[in-house]
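Encoded as structure tokens, the structure appears first; notes follow it.
The values are calculated or read from the model by the stated rules, or taken from the named source; none is laboratory data. Because the structure is predicted, anything quoted here is derived from the model rather than measured. When we count neighbours, we look across all protein chains shown, and the Cβ atoms used for this are built from the backbone with ideal geometry, even at glycine. We work out accessible area using only protein heavy atoms, side chains counted, and drop any ligands, DNA or RNA first. Shrake-Rupley method; radii C 1.70, N 1.55, O 1.52, S 1.80 Å.
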Amino acid sequence: MEHDDLKIPPVALGTWAWGDTGEAGRGYFGSGLTRADVEAMVDKAHAAGFRLWDTAMVYGMGRAETLLGEVLKRLPRSAYQLATKFTPQAAGSGDHPVADMLERSLARLGTDYIDLYWIHNPGDVVRWTPQLIPLLKSGQVRHVGVSNHNLDEIQLANRLLGEAGFRIEAVQNHYSLLYRGSERAGILDYCRSQGIPFFAYMVLEQGALSGKYSPDHPMPIDSDRAATYNAMLPQLKALTDALSSIGGRLGASAAEVATAWAIAKGTTPIVGVTRPQHVDGLVRASRLKLTRDDIVELEAVADAAGLNTRGWWEREMVV
Ligand SMILES: NC(=O)c1ccc[n+]([C@@H]2O[C@H](COP(=O)([O-])OP(=O)(O)OC[C@H]3O[C@@H](n4cnc5c(N)ncnc54)[C@H](OP(=O)(O)O)[C@@H]3O)[C@@H](O)[C@H]2O)c1
């Protein structure tokens, strides 16, 4: 089936935090986002031309998809693109676990197709990848991508799809100033050589690189992200200071400079937005021009922090 090419924006919008209950201090992020915030973010993103929304069934076990589906009803379906994920660890025991999970995501999102369907993590590449083929043929899935796969697994998935005339059309991995495993493992180079867009998730390290948090002003104390990042905040100060200092020269915030770094590296950042002004920040970030010296300085300061921010769900990319 022929479909429009996937439109790759300068940045995509992430909705993991939208799966929280909405009460401050609760859930993974404890961002306390409101329905009014979410509606304003959708309107601002649409006005700015940011059309690609990234979600997953497991973000709040359906809550993020449901909320996203509800607020996107304000727009015609052709005005945005949806990316959601098959998560192997949450697969059912039926004969068609990928189709079954997709079916429920479609219902929550209020649509009959997904623009970009991700296999969330490799689990078992040979088992899961071929199950995408009938969904591509039916048009329920327009394009497929893989997330958290290492280079061998990306190439294997590409071969399995290639046997049916399809291909991996996007890769999504953790990639930030503090976590550059995909670069060191040659995945960025591979994607560039194959014309596969690389989506960078957690470029802000869940807010730790936004400049908003410090030892005196830590992340919401009962949130899961606080358990990872609050102890790192003292070692992160030199990096957030460097981001703020470059931002000061360019009229941008630390978060916007961290996002612009990921764009300058040839990736498409997926930024988790929780406030309407974060979308304004993405507009500025997508226009920022960092110099070669800025990039070298930021990477040196990040390396000097000596931190490993690999998520509990990830494996090292360098084998
Ligand atoms: N495939 C995977 O396994 C995987 C894993 C992780 C993430 N993802 C995807 O990638 C997306 C991004 O990751 P993430 O949401 O975990 O983390 P992130 O984008 O690194 O950070 C998001 C946090 O940064 C803060 N923030 C965002 N924009 C800001 C701005 N302009 N200025 C200041 N602060 C800003 C917000 O914190 P406050 O609410 O505290 O302000 C927000 O919760 C996710 O939403 C999800 O779609 C995928």
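Listed values, structure above:
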| quantity | calculated |
| --- | --- |
| HN-Hα J in Hz across the range 112-118 - Karplus 6.51, -1.76, 1.60, θ = phi - 60°, x for Gly and Pro | 10, 8, 10, 5, 9, 10, 9 |
| Helical segments meeting 30 Å axial Cα length and Kyte-Doolittle 0.5 threshold in the chain (DSSP H) | none |
| Ordering of 109-119, 305-315, 224-234, 198-208 by burial proxy (mean other Cβ atoms within 10 Å per residue, highest first) | 198-208, 109-119, 224-234, 305-315 |
| Cα centroid separation - the range 264-319 against the range 79-111, whole Å | 28 |
| Rounded if a/c under 1.5, otherwise prolate or oblate - the range 61-212, Cα gyration tensor axes | oblate |
| Over the chain, relative contact order from alpha-carbon pairs under 8 Å, at least 6 apart, % | 20 |
| Where only alpha carbons of the chain are counted, the Rg and the Dmax (Å) | 18.8, 57 |
| Percent accessible area from carbon and sulfur atoms, the chain, protein chains only, probe 1.4 Å | 51 |
| Extended-chain gain in nm, criterion 0.36 nm per residue less alpha-carbon gap, R127 and S214 | 26.9 nm |
| Pairs beyond 28 Å (Cα-Cα), from K7/K73; K85/K289; K212/K265 | K85/K289 |
| Long-range HN-HN contacts of A12 with modeled amide H, under 5 Å | I270, V271 |
| Solvent-accessible area per residue for the range 117-228 (1.4 angstrom probe, square angstrom) | 37 |
